[in-house]
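K.L.:
Encoded as structure tokens, here's the structure I'll be asking about.
Here, each number is a calculation from the coordinates, and none is a lab measurement. Everything numeric in this text was worked out from a predicted model, so none of it was measured. Heads up, the Cβs are rebuilt from the backbone with ideal geometry, glycines too, and the neighbour counts pull from every protein chain shown.
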Amino acid sequence: MTHAFFKACLFLGAGAVLHALQGEEDMRNMGALARRLPFTFATFLAGTLALCGIPPFAGFFSKDEILWQAWSAQGGSPWLWLVGLAASGLTAFYMFRAIYLTFFGTSRVAERLQAGVHEPPPSMSIVLAVLAVGPLVAGFIGMPGVLRELLGVSAPFYSFLAPMFPRRLPSITLRAPRSR
């Protein structure tokens, strides 16, 4: 659920930038759009912070849980954790690179497009706002058990769904195929 919020926010944010630049897709032809598209920039930044796992966004809780399970679960290992951590680092790198190329630096927007740069219409803006706020709220819905205990809070939605998921997954024994 959390991943869906921030990925949808990022895709719609990219769509808002494409809309503002009349279909221009190359980030190398953008830049300095934060002042001209402040709402789009804010929502795209919220989606990026969530995807990169920055607290208190939902991505922090989900990435933390994934990395913890990669380390501590049966079949997990420090190497698996390290691969997950490296992938998270690469994600953060390319997302902030996209933000820098699109919203900061010098403007590389073609002269013919300069006058038409505008924020998205309400049909996109309202959805962008909901998708940007979602990752801020959604992480607390299914807050991992360790954090709930440390903070002394309850997560009603998480507790509501708990009976549907087994505490431990059944073990599966793999057998070699029978020889004929």
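K.L.:
Shape call for region 2-131 from the C-alpha gyration tensor, a ≥ b ≥ c root eigenvalues: rounded (a/c under 1.5), prolate (a/b greater than b/c) or oblate?
P.N.:
Numbers: a/c = 3.43, a/b = 2.10, b/c = 1.64.
Because a/c hits 1.5 or more and a/b exceeds b/c, region 2-131 counts as prolate.
K.L.:
Once you charge only the Cβ atoms, +1 for Lys and Arg and -1 for Asp and Glu, what is the size of the charge dipole of region 2-131 about its Cα centre, to the nearest 20 debye?
P.N.:
Details: 8 positive and 7 negative charges, 41 e Å.
Result for region 2-131 is approximately 200 debye, rounded to the nearest 20.
K.L.:
Per residue of region 3-10, what does 6.51 cos²θ - 1.76 cosθ + 1.60 with θ = phi - 60° give for ³J(HN,Hα)? Whole Hz please, x for Gly and Pro, Karplus curve as stated.
P.N.:
Taking θ as phi minus 60°, the curve returns 4, 4, 4, 6, 5, 5, 4, 5 Hz for region 3-10.
K.L.:
Tell me the label-point distance for the pair Phe11, Asn29, using the 7 Å Cα-to-Cβ offset, in nm and rounded to one decimal.
P.N.:
2.4 nm
K.L.:
Grab the beta carbon distance between Arg108 and Ile54, set R0 = 25 Å, and tell me the FRET efficiency rounded to 0.05. Kindly include the intermediate steps, with their values, before the conclusion.
P.N.:
Working: r = 27 Å, r/R0 = 1.10.
Working from the Cβ atoms, E equals 0.35.
K.L.:
How high is the FRET efficiency from Tyr100 to Leu136, r the C-beta distance, R0 22 Å, rounded to 0.05?
P.N.:
Values: r = 23 Å, r/R0 = 1.03.
Result of the calculation: an efficiency of 0.45.
K.L.:
Want the number for Ile126 to Ala42: 0.36 nm per residue separation, take away the alpha-carbon distance, what's left? It would help to have the intermediate numbers written out before the result.
P.N.:
On the way: separation 84, 0.36 × 84 = 30.24 nm, distance 1.32 nm.
Here the answer is 28.9 nm.
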